[in-house]
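See structure below.
The values are calculated or read from the model by the stated rules, or taken from the named source; none is laboratory data. The model shown is predicted, which means the values in this text are computed figures rather than measured ones. Every residue, glycine as well, gets a Cβ built from its backbone with ideal geometry; the counts of neighbours run over all protein chains shown. SASA here: full protein model, heavy atoms, side chains in, ligands and nucleic acids out. Shrake-Rupley method; radii C 1.70, N 1.55, O 1.52, S 1.80 Å.
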Amino acid sequence: MFETIWERDTMLKKTLDRSELYTVAASFRAAIIRAKKNCEFDRRDRMSNFPSGCCDDACDLLAYYLQKKFHIPSKQKIGVYRDDNPESITNHVWLMVNDIMIDITADQFPSLIDYTDGIYVGVESEFYRRLENIETQENYNIENNVRLSADYKTIIKYID
């Protein structure tokens with residue numbers, strides 16, 4: 001009997017522990033930063049401002065990389081951050097791989113997230129518990145977006 005594509009893909013999935021996920025995330029983030037420093041992103045592209053204001057795109061790109069390279073599925077979490085100023089509301093997006101959070105734009109909240117080199121990989125911390133209206137959603141398929149597909153090809157050139 002033939003195995004279905006889902007069964008075959010499920011069998012191919014690798015399991016990475018927290019430290020290995022950190023290494024992958026760090027490599028991916030470093031590639032984004034190198035591409036940015038080399039002006040590879042169009043100035044109108046949100047990735048040209050990385051990490052500011054592009055946590056959703058960064059998550060879509062990293063999720064695609066995790067799936068394509070390691071056959072690791074992830075989901076996105078989206079939450080709303082509010083500080084003491086009622087007019088200060090910020091959306092934030094990060095990835096979940098099983099019960100491990102991956103946030104490669106954590107340095108947008110330097111006083112709130114315990115991170116190293118702008119990356120948080122771990123279990124839910126106090127910062128994430130403070131977020132409101134948290135939703136889980138599927139990752140966007142970047143193959144359906146010319147800009148994100150081009151960004152991905154650019155980033156991949158810089159991965160060690």
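One table, with the values for the structure above:
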read-out	value
Filtered residue count, the stretch 135-159, keeping only those that are among the aliphatic types (A, V, I, L, M) and open to solvent by 70 Å² or more (accessible area, probe 1.4 Å)	1
Those residues of the stretch 35-64 which are outside any loop (DSSP other than H, G, I, E, B) and either out of contact with any helix residue (DSSP H, G or I) (no Cβ under 9 Å at 6 or more places or on another chain) or open to solvent by less than 20 Å² (accessible area, probe 1.4 Å) (or both), in sequence order	A35, K37, M47, C55, D57, A58, C59, D60, L61, L62, A63
Residues (more than 15 Å from D57 (Cβ to Cβ) and of a type in the set (D, E, K, R)) located in the stretch 78-104	R82, D83, D84, E87, D99
Where F2 falls short, out of the listed (1) open to solvent by 60 Å² or more (accessible area, probe 1.4 Å); (2) modelled with pLDDT of 95 or more; (3) of a type outside the set (D, E, K, R)	(2)
Subset of the stretch 71-82 [over 13 Å from the mean Cα position of the chain (by Cα) and either free of Cβ contacts under 8 Å to residues at least 12 places away in the same chain or open to solvent by 30 Å² or more (accessible area, probe 1.4 Å) (or both)]	H71, R82
